[in-house]
Amino acid sequence: PRPILLTRHGESMFNLNGRIGGDPELSATGDIYATKLASFVHKRLKSQHSASIWTSTLRRTILTATHITGFPKVQWRALDEIDAGICDGMTYEEIKETMPDEYQSRKLDKLRYRYPRGESYLDVIQRLEPVIVELERQRSPVVVVAHQAILRSLYAYFTDKPLDEIPHIEMPLHTIIEIQMGVAGVQEKRYKLL
Ligand code: F6P
């Protein structure tokens, strides 16, 4: 059976400063992950005739996939990180201080809370539908390099997690989650590269 490899981008300059959203480049550590990810993927998919590499349209995922060669790359806007609207580029601390009501509402219902002029997790889950349809249709392996909220939603779909848990799923950086759909259900392996 064909595997689906899910990974967040390597550490970005925003991750380093605790800022959300934006379109930052990778940190030095993020660059190292990009190199390690490429050797992992080349080794793991060595015997495969075909496979594809999917990223978002944001620099941090495209840069994370740069060293992967030999397979076609596809950029999906639907894989872009949750749009934090007016909070884009802020730290959680800044949101808490300058918009305490917004901070509190999100804390109370992270699944349904929609950032002003941005998105909720429910919005994200909905826009991921075409990506999921296409993932299900693929016959060869796919490497998905995306973002925290996006990968929580994709992972929850394949592992059948309840909606309310999705925003709280642990999705660490520098870790590959390999999912295989077999007759015995879904099998999962994790590889921590950094
Ligand atoms: O902090 C990294 C990040 O990808 C942000 O860009 C995004 O807003 C956030 O994670 C999503 O995670 P949470 O829903 O827990 O705020």
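The values are calculated or read from the model by the stated rules, or taken from the named source; none is laboratory data. Note that this is a predicted model, so its numbers are computed, not measured. Quick reminder, even Gly has a Cβ in these numbers, built from the backbone with ideal geometry, and neighbours come from all protein chains shown.
Okay, here's what the table says:
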item	result
Members of segment 49-80 that are surrounded by fewer than 18 Cβ atoms within 10 Å (Cβ to Cβ), polar (S, T, N, Q) and part of a loop (DSSP other than H, G, I, E, B)	Ser50, Thr57, Thr66, Thr69
Qualifying residue in segment 149-156 (condition: of a type in the set (Ser, Thr, Tyr) and closer than 25 Å to Gln187 by Cβ)	yes
Residue identified as of a type outside the set (Gly, Ala, Ser), surrounded by 15 or more Cβ atoms within 10 Å (Cβ to Cβ) and within 30 Å of Glu102 (Cβ to Cβ) among Arg127, Arg117	Arg127
Some residue of segment 6-15 being in a loop (DSSP other than H, G, I, E, B) and away from the ligand (no atom under 16 Å from the Cβ)	no
Qualifying residue in segment 126-141 (condition: of a type in the set (Gly, Ala, Ser) and away from the ligand (no atom under 13 Å from the Cβ))	yes
Filter pass, Arg106 being of a type outside the set (A, V, I, L, M), surrounded by 19 or more Cβ atoms within 10 Å (Cβ to Cβ) and over 21 Å from Val131 (Cα atoms)	yes
Which listed residue, of Thr91, Thr57, is more than 18 Å from the chain's Cα centre (by Cα) and at pLDDT 95 or above	Thr91
Test: residue in segment 19-35 that is assigned to a helix (DSSP H, G or I), in contact with a Pro (Cβ under 6 Å, 6 or more places away or on another chain) and buried (at least 17 other Cβ atoms within 10 Å of the Cβ)	no
Scan of segment 81-98 for residues that are within 14 Å of the ligand (Cβ to nearest atom) and either in a loop (DSSP other than H, G, I, E, B) or among the hydroxyl-bearing types (Ser, Thr, Tyr) (or both), ordered by number	Glu81, Ile82, Asp83, Ala84, Asp88, Gly89, Met90, Thr91, Tyr92
Helices (runs of 4 or more DSSP H) (entirely within segment 112-194) containing at least 3 residues that are within 14 Å of Ile4 (Cα to Cα)	129-137, 148-159
Any hit, segment 26-42, residues being within 14 Å of the ligand (Cβ to nearest atom) and within 16 Å of the chain's Cα centre (by Cα)	yes
Pair list, Cβ under 6 Å, 6 or more apart: segment 116-135 residue on the phi > 0 side of the Ramachandran plot, other residue surrounded by fewer than 16 Cβ atoms within 10 Å (Cβ to Cβ) and of a type outside the set (S, T, N, Q)	Arg117/Gly85; Arg117/Ile86
Verdict on Ile150 being within 9 Å of the ligand (Cβ to nearest atom), touching a His at 6+ places or on another chain (Cβ under 9 Å) and closer than 29 Å to Leu37 by Cβ	no
